[in-house]
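Working notes, structure below.
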Amino acid sequence: MKKFLGLWALILPMLVSFGQEVEVSDNPLKEGGVIITLILLGILFVLLLVLIFFKVNQYLVIQEKKISYSKAEKLISYLKSLPKEDAKQLIKGMMHKKTYKIEKNKLRGNAEPKDVLGLLSVEPPSVPFFRFKKPNQSKIPVEPKLKKLVFAYLISATFWLLFGTTVGEYLGIKFVAPEADSLSWLNFGRLRPVHTNAVFWGWGSLGMLGLAYFCVPRVGNNRLFSYALGWWTLILINLTVFFGSISLMMGINNGGGEYREYIWPIMGMMIVGVALTLINFWKTIAMRKAVEIYISNWYIVAALMFFMTIGLVGYLPFWQKGLGETIAQGYYMHQAVGMWFMMLTLGLVYYYLPFALDKPIFSYSLGILAFWSQILFYTLIGTHHFIFSSIPWWLQTVAIFGSIGMIIPVFAGTTNFLMTFKNGWYKLASSYVLPFFLVGIVFYFTGSLQGTAEAFRSANLIWHFTDFTVAHSHMTMYGIITFFLWASMYAIIPRITQKETPKAFVGVHFWLAFIGLLFYIVPLMYGSTLKGYYWMEKLPFVGSLELMAPYWLWRAIGGTLMWFSHFVFAYNLYQMMFGRDKVDVPKSVAKVLQEDEVQTQKSL
């Protein structure tokens, strides 16, 4: 009977709760070490299947190229049979189809349409396995130096994403099998800040800065002030995360301050690096050729300035005693999320979302309203993490008031982004970029308002100190920041390189990440609500751990799906940057015929 219940507890964890007591059993399958080994072997098996899938796809790509070359050869032989002028006109028409952009009233009239310009796309009558997605448009000219710098940032960011979330994956598994190891370096208390800081400063910060280095000079219609400063920032931040991760695993840290566990000599390198980028962007914007400073640069420069303030508040020793340290911690922790990550990412969205939709932002005024109201209210809300603490009651109330005020920038920003989609919703079905933006916008609205709800004393009494906070942080940092970064990368990299990853892989990445995130946050929110009420009933603490066990299993399942998606994303990034060039039949044919014509003229 116990074996039967144990099996169903694994299959239906939301229905059957199980404890985590360490018991000596004759059955090796019940030992934590064996369980964790089987899980890791299963992960290797899945990765092997993924590798096979990649190899099969590579073979299909090669076959597709052969078919394309065959078509090109047939077309060449046909064009050679035509008079030169007719062949030139036909090639010219084919090239024109690729660059033609429809005008507003081009399709008006009663005449029967002729697809002379290649505008109509008729799908075959069969049901496709993957829905047709439109390829990216014409190439964007980018300076080789800037391209190299931006790609270096994005590659570094992706490395830290894989590293940080691999650590997070192991932590999620340890919730299910806490006795899996006994090494001090792999202790949960040491690994947890390794995970958070790697994805914060490694993935999030480098990803944002890489995209910003492309955006800032472009909206000012000028060149970047200094490439050297950009490279120094990249080196300093990478060194920060590398030495910070090593020191945390060694047990060398800054104490209990969340997100500021790096000791000051290590974090100081990142502060210097961000200061160099602030100077770089400031000079670039000062040299702009455009009259106005586009709103993206408002957000980006403000985020860099706030990071300097956040770093000084978090690491200067003058107020790091007693309640002063608690208040400084609340300010540092929340401003890092809201005035660094959120502010800079929103600045990127104001550029890359209109870029992806090929239309201007809906309202510049709403953007300015969201900008100033976020600065006004978000800087007040740090202490809402310490409701019912020894911090003065009035200061807690100010934080709650600031949290309520955040409704203004959230509604303004969400309205602006969704209205930018106006008359362009149909593009969602044929785009692999816009779904990432839409998920980011939805989580921006829901996650931000959830933070407002958590600030109220009645809600804080239930949710604080539970895993609800973990779910909320992943909803915001992953659902908002990470999805927006992915959307921006998918929007711009193919336009720079003219190389695209298979659309199916982008879909796999999206759905693994999205479904994994839902599996992660929804059970944790539900279980944490039960846990909060459990504590309020003054029931034994151990009972709350037994209560959360099935929800922690769902956390591990969701985290695993998210983790797999990151490897798919890394593959997609590689394909977009360094993958094979697609065969362009019209261009190839034109090149061959031109070479033939040159040879003919030489022979004459």
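The values are calculated or read from the model by the stated rules, or taken from the named source; none is laboratory data. This structure is a prediction, so every number in the text was calculated from the model and none was measured. Reconstructed Cβ throughout: ideal geometry from the backbone, glycine too, with neighbour counts over all protein chains shown. Just so you know, the surface numbers come from the protein's heavy atoms only, side chains and all, with ligands and any DNA or RNA stripped out. Shrake-Rupley method; radii C 1.70, N 1.55, O 1.52, S 1.80 Å.
Quick notes on this one:
- In the set Phe225, Phe307, only one residue is in contact with a Lys or Arg (Cβ under 7 Å, 6 or more places away or on another chain) and modelled with pLDDT of 95 or more; that residue is Phe225.
- Sole exception among (1) at pLDDT 95 or above; (2) in contact with a Ser or Thr (Cβ under 8 Å, 6 or more places away or on another chain) for Leu239, by number: (2)
- Count of residues meeting criterion [open to solvent by 60 Å² or more (accessible area, probe 1.4 Å) and free of Cβ contacts under 8 Å to residues at least 60 places away in the same chain] in the range 229-245: 5
- Qualifying residue in the range 127-140 (condition: open to solvent by less than 70 Å² (accessible area, probe 1.4 Å), more than 30 Å from Tyr227 (Cβ to Cβ) and modelled with pLDDT under 90): yes
- Of all residues in the range 57-80, exactly one satisfies the criterion of being within 13 Å of Arg580 (Cα to Cα) and among the hydroxyl-bearing types (Ser, Thr, Tyr), namely Tyr59.
- Any chance Ala459 is open to solvent by 30 Å² or more (accessible area, probe 1.4 Å) and free of Cβ contacts under 8 Å to residues at least 12 places away in the same chain: no
- Restricting Glu292, Glu258 to residues that are within 22 Å of Ile481 (Cα to Cα) and modelled with pLDDT under 95 narrows the list to Glu258.
- In the range 170-222, of all residues being of a type in the set (Val, Ile, Thr) and either buried (at least 23 other Cβ atoms within 10 Å of the Cβ) or under 30 Å from Glu546 (Cα atoms) (or both), the one that is modelled with the lowest pLDDT corresponds to Val176.
- Pairs, first closer than 19 Å to Trp264 by Cβ in the range 299-326, second of a type in the set (S, T, N, Q), C-beta under 6 Å, six or more apart: Ile310/Gln335
- Residue within the range 251-264 that is assigned to a helix (DSSP H, G or I), under 24 Å from Gly338 (Cα atoms) and open to solvent by 20 Å² or more (accessible area, probe 1.4 Å) present: yes
- Here Thr497 does not fit the description of being open to solvent by 10 Å² or more (accessible area, probe 1.4 Å), within 17 Å of Met333 (Cα to Cα) and β-branched (Val, Ile, Thr).
- Test for Leu380: is it modelled with pLDDT under 95 and either in a helix (DSSP H, G or I) or closer than 21 Å to Arg457 by Cβ (or both): yes
- Of all residues in the range 319-357, those satisfying the criterion of being more than 16 Å from the chain's Cα centre (by Cα) and of a type in the set (Val, Ile, Thr) are Thr326, Ile327.
Residue-by-condition table, conditions (1) of a type in the set (Lys, Arg); (2) modelled with pLDDT under 75; (3) in contact with a helix residue (DSSP H, G or I) (Cβ under 7 Å, 6 or more places away or on another chain):
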{"residue": "Phe18", "(1), (2), (3)": "no, yes, yes"}
{"residue": "Val34", "(1), (2), (3)": "no, yes, yes"}
{"residue": "Ile62", "(1), (2), (3)": "no, no, no"}
{"residue": "Leu75", "(1), (2), (3)": "no, no, yes"}
{"residue": "Tyr78", "(1), (2), (3)": "no, no, no"}
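- Taken over the range 283-311, residues that are in a helix (DSSP H, G or I) and over 17 Å from Gly367 (Cβ atoms) amount to 11.
- When the range 210-231 is filtered for residues that are under 19 Å from Leu348 (Cβ atoms) and not in a loop (DSSP other than H, G, I, E, B), the ones remaining, listed by number, are Gly210, Leu211, Ala212, Tyr213, Phe214, Cys215, Val216, Pro217, Arg218, Val219, Gly230.
- Subset of the range 400-409 [part of a helix (DSSP H, G or I) and either surrounded by 22 or more Cβ atoms within 10 Å (Cβ to Cβ) or touching a Cys at 6+ places or on another chain (Cβ under 9 Å) (or both)]: Ser403, Pro409
- Which listed residue, of Gly324, Gly347, Gly314, is in a helix (DSSP H, G or I) and touching a Lys or Arg at 6+ places or on another chain (Cβ under 7 Å): Gly314
- Residue ID - farthest from the chain's Cα centre (by Cα), chosen from residues in the range 51-85 that are among the small types (Gly, Ala, Ser) and assigned to a helix (DSSP H, G or I): Ser77
- Test: residue in the range 278-298 that is closer than 21 Å to Phe341 by Cα, in contact (Cβ under 8 Å) with a residue 24 or more places away in the chain, surrounded by 22 or more Cβ atoms within 10 Å (Cβ to Cβ) and of a type in the set (Gly, Ala, Ser): yes
- Annotation note: of Thr397, Thr414, Thr446, the sole residue that is in a helix (DSSP H, G or I), within 25 Å of Ala328 (Cβ to Cβ), hydroxyl-bearing (Ser, Thr, Tyr) and free of Cβ contacts under 8 Å to residues at least 40 places away in the same chain is Thr397.
- Candidates are the residues of the range 410-435 that are at pLDDT below 95 and of a type in the set (Gly, Ala, Ser); the one that is surrounded by the most Cβ atoms within 10 Å (Cβ to Cβ) is Ser431.
- Listed by first and then second residue, the pairs linking a residue in the range 357-384 that is within 29 Å of Ala491 (Cα to Cα) and open to solvent by 40 Å² or more (accessible area, probe 1.4 Å) to a residue that is in a helix (DSSP H, G or I) and basic (Lys, Arg), with Cβ atoms under 9 Å apart and 6 or more places separating them unless they lie on different chains, are Asp358/Lys427.
- Among the residues listed as Gly532, Gly559, the single one being open to solvent by less than 70 Å² (accessible area, probe 1.4 Å) and either within 20 Å of Thr482 (Cβ to Cβ) or not in a helix (DSSP H, G or I) (or both): Gly559
- Filter result (of a type in the set (Ser, Thr, Tyr) and open to solvent by less than 60 Å² (accessible area, probe 1.4 Å)) within the range 385-396: Ser389
- Within the range 535-556, restricting attention to residues that are open to solvent by less than 10 Å² (accessible area, probe 1.4 Å) and among the hydrophobic types (A, V, I, L, M, F, W, C), the residue that is farthest from Leu461 (Cα to Cα) is Ala549.
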